[in-house]
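Presented below is the structure to which this report refers.
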Amino acid sequence: MIKNNHHLRKLSCVFGLSVTSQFANAQIPNLDVPGSFEAHGFATQNFVLTSENQFFGDSESGSFEFFEIGINGHWQATDRLTFSAQVTARDAGKTDDGDPRLDYGFLDYRLYNSDTYSAGIRLGRAVNAQGLYNSTRDVAKTRPSIILPQSIYFDTLRNLALSSDGIYFYQDLFRGAHEFSTQFSYIEPRADDPDLEPIVLSSFRPGRFEGSSSWLANFLYDYDFGKIRLGITATQLNTDYISRNDPFLTDGEFIFSPIIFSAQYQTERVTYSAEYMRRRSELKNLGAPFDGKLNGSGYYVQAQYRINNEWSVYTRFDNLTSDDSDRFGDIFEQNTGLSGDTRYAKDFMIGARWDINQNWLISAEYHDVEGRGWLSLLETPANDGSRYWDLFLMSVSTRF
């Protein structure tokens, strides 16, 4: 009964947001508000089934605990000044509890704008411009698959990856069929993901992480309106660790410094995508044996074929390595007694999607996975899982 009520509340939210959005998009007379305002929403219900391990709920028995719903607004106050915000509720097993949160909320001031060049500044909580998909990862219509490649886009650390609080400088340069976009951000990362501590420390501790001064730089080249896209993202995310009187740890720092190389090529029917991440992690001042540096990597190659305007199929190979000097976690297992397969993941995926119309989408995909490098330790403890497992996902999404 409790679970049924839980799903009824989800359906009520979908209906409520749909009605709200319709009113928000309608032109309301006799309302003297400068500029223009738009509101939109999205909702996605997923079904997850795994042969072993848990992925967002009790997936070995079949789980509906993978749900997201959100509403966003955009107010064009003047030609130069806009305000944007998005509130989202996301249920993802033990990694997310479904409570509403502010994904982003910022003001955007356009410093300069012409046919060939524009530049501006954003202030507040804004989406991190990194890789090919992070800027639009929330809306299922804009994703190439139900879940993004986990070697680059971490769903267990969604808050940390998605957006940050800070100041963002951006510019766009247009030269014929060429577009050059750059963004530099001075930010404070969101370190409130429940999986961050067990991922970084390989164990559950009484402390917590807090974001501190960090930076992100992104460059993207676009040729012929997306026919070719090339990009590079460099980031240094700094967090402070508050030990809370942990007898084995002192207050210290965790520094995560990834660099992402992105490439995409589109034809009329096929889109080829690939990204490679070089990731460096460092723990400082926490005390032995936690302090140290680690170099890891991740990459994926992906192809999507559009059969027609409604149907498409896609496939991907995704590879994640936590420590390039210990690719399968053998040394880690010897030193810690924790399973080494939590340190890497190889994922081969095939899927299909049906874009019913502009507002509705149904997708399904199958993953053949070795390793548990991107699974939540909250849901599948280090020594309780299986190295080889299958993942099946189905999704129904709407936007309005």
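The values are calculated or read from the model by the stated rules, or taken from the named source; none is laboratory data. Just so it is clear, the structure is predicted and the values come from calculations on it, not from any experiment. Don't worry about glycine lacking a Cβ; one is built from the backbone with ideal geometry, like all the others, and counts go over all protein chains shown. Remember, those area values only see protein heavy atoms, side chains included, never the ligands or the DNA or RNA. Shrake-Rupley method; radii C 1.70, N 1.55, O 1.52, S 1.80 Å.
Numbers below:
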read-out: Trp215, Trp311, reordered so the largest accessible area comes first (probe 1.4 Å); value: Trp311, Trp215
read-out: Taking region 255-298 and dividing mean pair separation by its residue count, relative contact order in percent (alpha carbons under 8 Å, at least six apart); value: 35
read-out: Contact order normalised by residue count of region 278-400, Cα under 8 Å, 6+ apart, percent; value: 19
read-out: Cα centre as origin, Lys/Arg/Asp/Glu Cβ charges: region 263-400 dipole, Debye; value: 440
read-out: Debye equation applied to the C-alpha atoms of region 160-253, log10 I(q)/I(0) at 0.17, 0.19, 0.23 Å⁻¹; value: -0.79, -0.89, -1.09
read-out: Computed over the chain, Kirkwood Rh from alpha-carbon pairs, angstrom; value: 22.4
read-out: Residue of Gln264, Gln358, Gln54 that the Gaussian network model of the chain assigns the largest fluctuation, springs spanning Cα pairs under 10 Å; value: Gln358
read-out: Dipole magnitude (debye, nearest 20) for region 137-288, charges at Cβ of Lys, Arg, Asp, Glu; value: 460
read-out: Exposure rank, largest accessible area first [Arg205, Arg80; 1.4 Å]; value: Arg80, Arg205
read-out: Cα convex hull of region 187-318 - mean projected area over all directions, nm²; value: 9.9
read-out: Max mean-square fluctuation residue, GNM over the chain, Cα-Cα springs under 10 Å, options Gln236, Gln130, Gln266; value: Gln266
read-out: Surface accessible to a 1.4 Å probe, Phe184 within the full protein complex, Å²; value: 100
read-out: Heavy atoms of Leu361 accessible to a 1.4 Å probe, total area in Å² rounded to 10; value: 0
read-out: Region 74-161 - charge dipole about Cα centre, Lys and Arg +1 at Cβ, Asp and Glu -1, debye rounded to 20; value: 100
read-out: Listed residues Arg306, Arg137 arranged by accessible area, highest first, probe 1.4 Å; value: Arg306, Arg137
read-out: Between region 332-370 and region 167-242, the Cα center-to-center distance that results, in Å; value: 23
read-out: Solvent-accessible area of Lys227 with every protein chain in place, 1.4 Å probe, in Å² to the nearest 10; value: 80
read-out: Most mobile of Asp347, Asp195, Asp222 in a GNM of the chain (Cα contacts under 10 Å); value: Asp222
read-out: Furthest towards positive pole of dipole, Phe204, Tyr186, Thr239, structure part region 120-239, Cβ charges; value: Tyr186
read-out: Charge-dipole axis of the chain as Lys and Arg at +1 and Asp and Glu at -1 on Cβ define it, positive-most pick from Tyr133, Phe254, Tyr300; value: Tyr133
read-out: The chain: angle of helix 2-25 to the longest principal axis, Cα-based, in degrees nearest 10; value: 30
read-out: Percent RCO, i.e. relative contact order, over the chain, from Cα pairs under 8 Å lying at least 6 residues apart; value: 13
